[in-house]
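Notes to accompany the following structure.
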Amino acid sequence: MFVVVYQRKFFQQQREMHQQEIRHQKEITEGIVQAQENERERIAQDLHDEVGASLSAARLFINQIQYEETLPDMIELAEQAHGVLGTLVQEVRRVSHHLSPLVVEKLGFTGALRALFQQLEVNGLQITHSFQFQEAALSHEQQLALYRIVQEVSVNIIKHAEAQQVTLSLTQESGTLRLWLEDDGKGFEHSKESPASGIGLSGIRARANFLNAKLDINSAPGQGTRVEMLIPLQSVKLS
């Protein structure tokens, strides 16, 4: 009887552990899917707000040329259309950089981050960054996931934080990469007991799980936001 009861308890524990693992994998999958949906929604919004508006303005200028009677007025409208199209080209490049992981392959991981920081500086942010790690220690999957995490946090800073300064550091110690990203914005309600789930944080958590990383987010109203990740090197999960 003792053996039978023990076996039943053992098998019950095994089933519960298996179910818990299934739930955990489901949460990770749902987080990744949600991150992809957020990415698509942001790109669609960018195309609608920026690219669509610029194309409409250029079309109006070009269409108006046929109704002008003097050459100087035609030239002025053409120059205005040219300026709008120039801005449009830059906007399309920005959207494509957000969409395509080729920016990491083309510029390298740190180069892609610097390009991202240049975009943040255009929005008036002051960026301080420090890289003290070997880029070769990161697999391609780790580089892409980390880039997406920094990109997601950066988008949140632009849209929600109302920050002026951003600090990022990447340091390598004893087989672990430490990412530290901090802003001086308005912060938000967040605690370990009641973590926030909006503004792209689900996607960040999903990618942190993908990296087997320890993620710590600290924020409070009026105190900015700090994101810290400890990533074990060369331990990325293969999908």
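The values are calculated or read from the model by the stated rules, or taken from the named source; none is laboratory data. Not measured: the values here are computed from a predicted model. Here the Cβ is made from the backbone with ideal geometry for all residues, glycine too, and neighbour counts use every protein chain on show. Areas reflect the complete protein model, heavy atoms only, side chains present, ligands, DNA and RNA absent. Shrake-Rupley method; radii C 1.70, N 1.55, O 1.52, S 1.80 Å.
For region 131-190, a tally of residues being of a type in the set (G, A, S) and either in contact with a strand residue (DSSP E or B) (Cβ under 6 Å, 6 or more places away or on another chain) or in a loop (DSSP other than H, G, I, E, B) (or both) returns 8.
Across region 161-181, which residue is modelled with the lowest pLDDT among those that are out of contact with any Asp or Glu (no Cβ under 9 Å at 6 or more places or on another chain) and open to solvent by 80 Å² or more (accessible area, probe 1.4 Å)? Here the residue is S174. Filtering V95, V104 for residues that are assigned to a helix (DSSP H, G or I), surrounded by 13 or more Cβ atoms within 10 Å (Cβ to Cβ), at pLDDT below 80 and not charged (D, E, K, R) leaves a single hit, V95.
When you look at E121, is it at pLDDT 80 or above, among the acidic types (D, E) and either under 19 Å from E152 (Cα atoms) or crowded, with 16+ Cβ neighbours inside 10 Å (or both), yes or no? Yes: the conditions hold for E121. The test for being buried (at least 21 other Cβ atoms within 10 Å of the Cβ) and touching a helix residue (DSSP H, G or I) at 6+ places or on another chain (Cβ under 8 Å) does not hold for V155.
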